[in-house]
Structure formats: C-alpha cells, structure tokens
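> My structure is below; once you've seen it, I'll send some questions.
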Amino acid sequence: MGFLQNFFSGFNKKELMNKFLIVGIGNIGDKYTSTRHNIGFLVIDKISEILKSPLSSVKLGHRAEASYKGKKVILIKPSNYVNNSGKSLLYWKNKEKIPNKNILVICDDLNLYFGNIKLKANGSSGGHNGLKDIEESLNSTNYSRLRIGILNSKKINKTNYVLGEWTDEEKDNLDHIISSSLETTLSFIHNGIDQTMNIRNSKNLMDENI
C-alpha cells in the first residue's frame with residue numbers, strides 16, 4: 001500500500017510540474033481592445049491561435065487549455081479588469097493546482113521603452129496596479145512576469161497613456177513584439193525561467209529603464 005501511495009504521489013507531483021498557467025493582463029470591452037494596457041490580451045490571443053486552442057468564457061475570465069512539448073498549458077484572460085487581475089489568477093491557480101514557479105503573467109510596462117521586452121522571475125510591481133493586485137492575492141512576489149515596454153515619451157499622463165490607443169507607428173511594430181512575446185512564453189514553458197531570461201533579456205532594442 002505504501003509503495004502505491006508513493007508511486008501515485010510522485011506521479012501527481014510530476015503532473016503538476018508539467019502544468020503551466022499563463023495569464024495576460026488587460027481590460028475587457030471593445031473600447032479597450034486597441035489600448036496599450038491590453039498588450040497582455042493580444043499575446044494570449046496569439047498563443048491561443050498558434051497552439052490551436054480557442055478561448056472560451058469561464059468564471060472570472062476567458063480560458064484555453066493546450067499542450068506544448070508535453071506540457072499542459074492553461075491560458076487565462078481575466079475578466080475583472082487590470083486592477084483586479086489577482087482574483088482571477090488566484091482562482092485558476094488553485095483550481096488547476098499550479099505552483100507559483102509555473103505561473104507567467106504578461107503585461108504592459110511603463111518603465112520600459114516601446115519595443116523592449118523583459119522577463120523576470122520575481123520582483124516588485126513596478127507601479128503596475130495589475131501586478132500589485134496579483135502580489136496581494138498570492139501574498140508573494142515570487143512568480144514570473146513578462147514585461148512589454150509601451151513608453152515612447154517621459155512627458156505623459158500615465159492613466160491617459162496606458163488607456164490610449166496605439167499610434168500608427170506603434171501598430172507597425174506590434175506584430176513583431178507580439179511574436180517575440182509568444183516565443184519567450186513558449187521558451188519559458190519548455191526551457192524554464194533561467195535559460196529563457198538569458199536569451200530574452202539580451203535581445204532588447206533599447207535596454208534602458210526610465
């Protein structure tokens with residue numbers, strides 16, 4: 001009996017380690033679709049498309065379940081707005097029994113210039129209210145986040161800027177940025193955080209924080 005318990009316990013632990021929760025932060029509603037704050041949603045949509053796993057409406061968000069290189073991937077777009085993203089993330093983390101180390105949050109970042117992408121294994125919210133809410137919900141800063149730079153000028157009203165729509169010039173570069181974010185996310189799932197950070201964080205176009 002002890003052997004069987006240990007066998008299934010080990011099997012369950014391995015299964016949990018092969019399951020990932022990828023959460024893209026954004027605001028729901030048509031009026032927010034083309035805003036800078038919704039870059040996380042755009043990346044989730046692209047991952048869903050590439051992995052051929054359509055999103056469907058579920059509790060606290062839109063969800064898709066896919067497989068990538070033997071790993072189970074849960075994609076979530078929270079439906080309770082950026083500033084309350086933690087509620088949805090915590091619900092799906094607990095429901096799917098996913099450890100913090102297998103969580104990746106994708107969000108916009110005003111501390112990075114437009115076109116820059118940085119992957120971090122942990123850290124502060126950097127002033128992002130969505131990340132702040134996630135930290136409060138998890139009671140931890142130990143989760144990975146993919147920060148996508150949206151800043152193109154220091155002289156801005158932050159609220160108006162993040163809720164503003166992309167300029168034509170920015171739109172011309174969005175596909176490339178989304179593709180890079182997709183590649184980084186898939187590498188995080190397959191190769192892990194450390195290897196992916198080494199690759200991703202050396203590729204920035206303008207490696208400068210504000």
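> Pull out the extension gain between Thr33 and Asp194, defined as 0.36 nm times the separation in residues minus the alpha carbon to alpha carbon distance; nm, one decimal.
54.7 nm
> If you don't mind, another one. Run the reach check for Lys97 against lysines, Cα to Cα strictly under 21 Å, same-chain hits fewer than 8 apart removed. What comes back?
Lys13, Lys14, Lys19, Lys59, Lys69, Lys71, Lys72, Lys77, Lys87
> While we're here: Which residues does a label at Ser202 reach in the range 174-189, if reach means a backbone N under 20 Å from a point 7 Å past the Cα toward the Cβ?
Residues 180-189 fall inside that zone.
> If we sort 172-178, 89-95 on the protection proxy, mean other Cβ atoms within 10 Å, highest first, what's the order?
Descending mean neighbour count gives 89-95, 172-178.
> Write down Rg/Rh for the chain, rounded to two decimals, with Rg from the C-alpha atoms and Rh from the Kirkwood relation over Cα pairs.
Reported Rg/Rh, Kirkwood definition of Rh: 0.98.
> Amide H neighbours of Tyr68 under 5 Å, counting only residues 5+ apart in sequence or on other chains, H built in-plane at 1.01 Å?
Under 5 Å from the amide H of Tyr68 lie the amide H atoms of Val73, each far enough along the sequence or on another chain.
> Output the DSSP H helices from the chain with an along-axis C-alpha extent of no less than 30 Å and a mean Kyte-Doolittle hydropathy no less than -1.0.
168-191
Readers should treat all values here as calculations from the given coordinates under stated rules, not as data from a laboratory. Owing to the predicted nature of the structure, the values given are computational and were not obtained by experimental measurement. FYI the Cβ positions are ideal-geometry reconstructions off the backbone, even for glycines, and counts take in every protein chain you see.
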